[in-house]
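Have a look at the structure below, then the notes.
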Amino acid sequence: MSLMERVNLCNSIYILFEQSMVRYLNHVDFNVFYLSLLLLIQSKSVTSSNDTISTGLLSSSFSSRSTVKYLPGFSGPLPFYLETGYIGVSDEDSPTNNNDGAEDIELFYYFVKSERKPEEDPLLFWFTGGPRCSSLSGLFFEIGPLNMDIDGFDGGLPKLVVNNDSWTKVANIIFPDAPVYTGFSYSKSSPNLYVGDKKSSQSIYEFIIKWLIGHPEFKSNPLYIGGDSYSGIIVPMVVQCLINDIETRKYPFLQLKGYLLGNPVTDKQLETNAKVPYAYGMGLLSYELYEENCKGKYLNFNLDNVNCTKDRQKFQECLENINLAHVSEEKYCGQFRPVDNRRSLSAVVGEVFTSPEPELPTPGCRSENQNLVSGYWANDDRVQEALHVKKETVKKWIRCNFTVPYKVDILSSVEYHQNINTRFGYRSLIYSGDHDFLVPHVSTEAWIRSLNISIIEDWRPWLLDDQFAGYTTTYSSGLTYATGAGHTAPEYRPKESYAMFERWISHAPL
């Protein structure tokens, strides 16, 4: 994608967002004076003194929100501040787009304040991958303040326990269910709106701006955008659009400092071709399968190359019983069919929820058990009431909703990384699981090299409690790269992942 195409894509997002703002103001019967004031505030000539007017004018316009003090499954009051709510975002294809001005898409979110100094600590928007996997994954299985007790599930309401390695110890974190049809997010008008990479980027950008306007007390906090897995496609584009906003002074209140991505999907072709050398390096393939017939091209190869076709089939056979999220972990899934972790259990879970007796976790099935038990918890009426989920908006919560078609229309986000790292110098943290086959570290390191940025700290091990945790290297643009664990890293090595994040967000070396 060329620079002009990137600019045009951001411009189309801006236009839709501004139309959304104007429709909302018309809907709530703002007069011409206030509408003119808003447009003045959003103009490129806006000064920083207008920020307070902007946020004050719109602080309650775009979100319904509630404070949650108790959660079913957790004993006692929550030891942290939790807010849930919805923010309406626009969709140009929605049947209600031009009717009464109300936004058709309602994106649900969880917001946890930092346990240290929320008024000063960084503000992180965290997007779960999939695409269309609920942010509950990040909240309960990765970086949030609670863990779900999978092993202790006995068929009743799943229990929640404190996560001692939560990233909210040092940062305020917003966990949105995005895009539409993810988690508790929904469309008012249609169960089958078009969803794809570009639309996801549009709605996420709009969500971030509206959330910040609705929470002016956090506008001065250092701002970071992050996520894992498939968010590697979406987040760089959103960051690019936010940087454009800062440079044009469209939203001068933005305090964007950088972004971070874990196990990030970045370039489909690069990652597919990297799986074979990665498998060979991990001892999963013979030299002959690795080297002889396909010449490093396993995605777009010559179909007349019969030997390469045979090698590809053998390659698949060698990996049949490998856990692709963590190649050294068991992949025994009992009555569940083998799945590409976190990516295909919707139908099975749907059957389980209609069973007279609850299904119990199966040993050796990490992702499937997470899907199963989180589904029991999130579909409980008591839970939805506590979370202030709007009634009858989501028929059945599914951790990863792959029942709705999704269009992959951004094949690579490398150019966004290139533009951000070489032109603007924002900080970034990219980390990979060295046992992650889904997004091999080989491909991540390859696209980082393609950015042509200078190394300022050579490859070295990083330690925690004098024990090896992974490897790291640092670049002149402000990019830090680190390795360790599987897909995703905080699921497999939470203590090390927290240490990595805490050091990086505090501007300390890993």
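The table below lists the values:
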quantity	calculated
Trypsin sites (Lys or Arg not before Pro) restricted to DSSP loop in the stretch 395-426 with at most 14 other C-beta within 10 Å	395, 396
Where the Cα pairs of the stretch 387-442 fall when distances are cut into 5 Å bins, in %	4, 11, 11, 14, 16, 14, 11, 14, 5, 1
Packing rank of 175-184, 485-494, where each peptide gets the mean count of other beta carbons within 10 Å, highest leading	175-184, 485-494
Reach of residue 407 by Cα under 17 Å, taken over lysines that are not fewer than 8 positions away in the same chain	198, 199, 268
Cut-off under 5 Å, modelled amide H: who pairs with residue 110 long-range	175, 177
From the C-alpha gyration tensor of the stretch 354-510, square roots of 5λ in Å	37, 21, 16
Accessible area (Å², 1.4 Å probe, nearest 10) - residue 385	130
Over 21 Å between alpha carbons, listed pairs 169/396; 396/495; 210/257; 159/390	169/396; 396/495; 159/390
Protection proxy ranking, peptides 259-265, 467-473, 85-91, 450-456, average beta carbon neighbours within 10 Å, highest first	259-265, 85-91, 467-473, 450-456
Modelled FRET efficiency - R0 35 Å, residue 119 with residue 328, Cβ distances, 0.05 increments	0.25
5 Å binning of all Cα-Cα separations within the stretch 434-510, expressed as whole percents from 0 upward	3, 15, 25, 26, 21, 9, 1
Modelled FRET efficiency - R0 56 Å, residue 69 with residue 317, Cβ distances, 0.05 increments	0.60
At R0 = 25 Å, FRET efficiency that the Cβ-Cβ distance of residue 392 and residue 360 yields, to 0.05	0.25
Solvent-accessible area, 1.4 Å probe, carbon plus sulfur percent, for the stretch 204-326	48
Taking the convex hull of Cα positions in the stretch 99-215, its mean projected area over all directions (nm²)	9.2
Three principal axis lengths of the stretch 220-299 [C-alpha, angstrom, descending]	57, 20, 14
For residue 195, residues with placed amide H under 5 Å, excluding near neighbours	407
Solvent-accessible area per residue for the stretch 138-294 (1.4 angstrom probe, square angstrom)	27
Accessible area of the stretch 409-510 divided out per residue, in Å², using a probe of 1.4 angstrom	38
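The values are calculated or read from the model by the stated rules, or taken from the named source; none is laboratory data. Fair warning: this is a prediction, and the values are worked out from it, not measured in the lab. Positions of Cβ are generated from backbone atoms using ideal geometry, with glycine treated the same way; all protein chains shown enter the neighbour counts. What goes into the accessible areas is simple: the full protein's heavy atoms, side chains included, and nothing from ligands, DNA or RNA. Shrake-Rupley method; radii C 1.70, N 1.55, O 1.52, S 1.80 Å.
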